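Engineer: I'd like to ask some things about the structure below.
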Amino acid sequence: MELLFDMSEYYNRLKKVKDSMEEHGLDVLLVSNPSNINYLSGYDAYSFYVVQALIVIKDQDQPYWIGRRQDANGAKLTTWLEDDHIYYYTDDYLHSTTKHPMDVIAHVLKQLRQDRRRIGLEMGSYYFSAIAYETLKGWLPDATFVNTTNLVSYVRMIKSARELQYMRHAARNAELAMQTGVDSIKTGVSENEVVANIYQAQMKGAGGIDGDYPSIVPLLLSGVKTSSPHLTWDGATFQGNEIITLELAGVHKRYHSPLARTIKLGKPSDRERRLSDALHDAMDAALSAVKPGEMCGDIAMAWTEAIKKYGFDKYDRLGYSVGLSYPPNWSEHTASIRQNNQTVLQPNMVFHLIPGLWEEDCGLEFSETFVVTEDGCETLADYPRELIVKEDVKGAPSQR
């Protein structure tokens, strides 16, 4: 299979990670986050629900991939690694009460004579469990373990030209998925029907750009449910006077471009208009504050000052870095757009800015995925940033 990036880019990524390992005094890095495994090796499969890892050794030219036996051929097909750098464990290690896949990974580390060295672990990763850690410690009593949860993720923050190309393609897919969702929302239509249409658009992609599955499901909320941004859809039917929020992502080659908008089915109330105006103006202020050399906290302060003019306060996180990702989340888990965050903005960093306003009985949200440029920012999606009003629109009765 054709690699998504030139070999020079993979080598450059590996060098940057090894430079960071040197700064942390590490000899070995054990990578468990599938996004980081993909970033360094190219490995792409829906196999992250079982134990898998990439071993990076500071004085070796290639990492080692270790996973389930039936996935080893997938590693040969999708990575740039030579076959002798691909190891596997058998299925009798899965869900066993007497052994664990980390037994095999520890054995490989011993075989490679890395069992007495300083080893970085992604301890905060969704994919590295407490039992994996305890098993590894039991097998490697002479190793020194260091928490390096975000080491690779911070290297990933500055995107290459090819990565930005994939994210711009993902934004085209996001535009299609959002328009499909907006067009599908009608009186008498159920939430799950709308989400089904969105999924089809996400997978199909826009104008010849292949789509991919998102790391988060489409978050379609209506009525009082909009007050809590992470609820999911159900079989409820639109009645014709709801406020509706929709957050989704376009995906291309595992690169994400999230996008959120708010729809009013029926005539907006004065309160909804006020919330929308506050969001719109504050988003403009926040995006205007994006410049290389500024900090994430500066964006948050620009937003905060803008919404104060409307009588609102918000101190929650407003956004985060995004890029390559697998479920259950599309954030890179590094820099956050929030007050006092001192991450310095650099060209080719990419963020999802989603500063919604959620009150007790309703919420509104707009969002933009943007890339930091040499003199400001570029929003990746070209989709109207305003309250979308759909009055007197009826659909066919839901078939339930």
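Engineer: Check off (1) out of contact with any strand residue (DSSP E or B) (no Cβ under 6 Å at 6 or more places or on another chain); (2) farther than 17 Å from TYR88 by Cα for VAL28 and give me the number that stays unchecked.
Structural biologist: (1)
Engineer: Only residues that are of a type in the set (A, V, I, L, M, F, W, C), within 21 Å of SER125 (Cβ to Cβ) and either not assigned by TED's automatic domain parsing to the domain that holds ASP83 or not in a loop (DSSP other than H, G, I, E, B) (or both): list them for the stretch 1-45, please.
Structural biologist: LEU14, VAL17, MET21, VAL28, LEU29, LEU30, VAL31, ILE37, LEU40
Engineer: On to the next question. Given the criterion under 30 Å from TYR43 (Cα atoms), crowded, with 24+ Cβ neighbours inside 10 Å and polar (S, T, N, Q), identify the matching residue among THR343, THR369.
Structural biologist: Testing whether each residue is under 30 Å from TYR43 (Cα atoms), crowded, with 24+ Cβ neighbours inside 10 Å and polar (S, T, N, Q) leaves just THR369.
Engineer: Filter the stretch 78-90 down to the residues that are in a helix (DSSP H, G or I) and surrounded by 12 or more Cβ atoms within 10 Å (Cβ to Cβ) and list them by number.
Structural biologist: Once the filter is applied, which keeps residues that are in a helix (DSSP H, G or I) and surrounded by 12 or more Cβ atoms within 10 Å (Cβ to Cβ), the stretch 78-90 yields THR78, HIS85.
Engineer: Another question, then. Quick check on GLN239: is it of a type in the set (S, T, N, Q) and open to solvent by 40 Å² or more (accessible area, probe 1.4 Å)?
Structural biologist: yes
Engineer: Let me ask something else. Do we have SER190 as open to solvent by less than 10 Å² (accessible area, probe 1.4 Å) and of a type in the set (Gly, Ala, Ser) here?
Structural biologist: When the stated conditions are applied, SER190 passes them.
Engineer: Kindly indicate whether TYR64 is touching a residue at least 60 places away in the same chain (Cβ under 8 Å), within 25 Å of TYR10 (Cβ to Cβ), not assigned by TED's automatic domain parsing to the domain that holds VAL350 and not basic (Lys, Arg).
Structural biologist: no
Engineer: Same structure, new question: For the stretch 112-120, check the following and say yes or no: at least one residue is in contact with a strand residue (DSSP E or B) (Cβ under 6 Å, 6 or more places away or on another chain), surrounded by fewer than 19 Cβ atoms within 10 Å (Cβ to Cβ), assigned by TED's automatic domain parsing to the domain that holds GLY25 and not acidic (Asp, Glu).
Structural biologist: Checking the stretch 112-120: at least one residue is in contact with a strand residue (DSSP E or B) (Cβ under 6 Å, 6 or more places away or on another chain), surrounded by fewer than 19 Cβ atoms within 10 Å (Cβ to Cβ), assigned by TED's automatic domain parsing to the domain that holds GLY25 and not acidic (Asp, Glu).
The values are calculated or read from the model by the stated rules, or taken from the named source; none is laboratory data. As the structure is a prediction and not an experimental result, all values here were calculated from the model. Glycine also receives a Cβ, built like all others from the backbone with ideal geometry; neighbour counts cover every protein chain displayed. Surface accessibility is based on the protein's heavy atoms, side chains included, excluding ligands, DNA and RNA. Shrake-Rupley method; radii C 1.70, N 1.55, O 1.52, S 1.80 Å.
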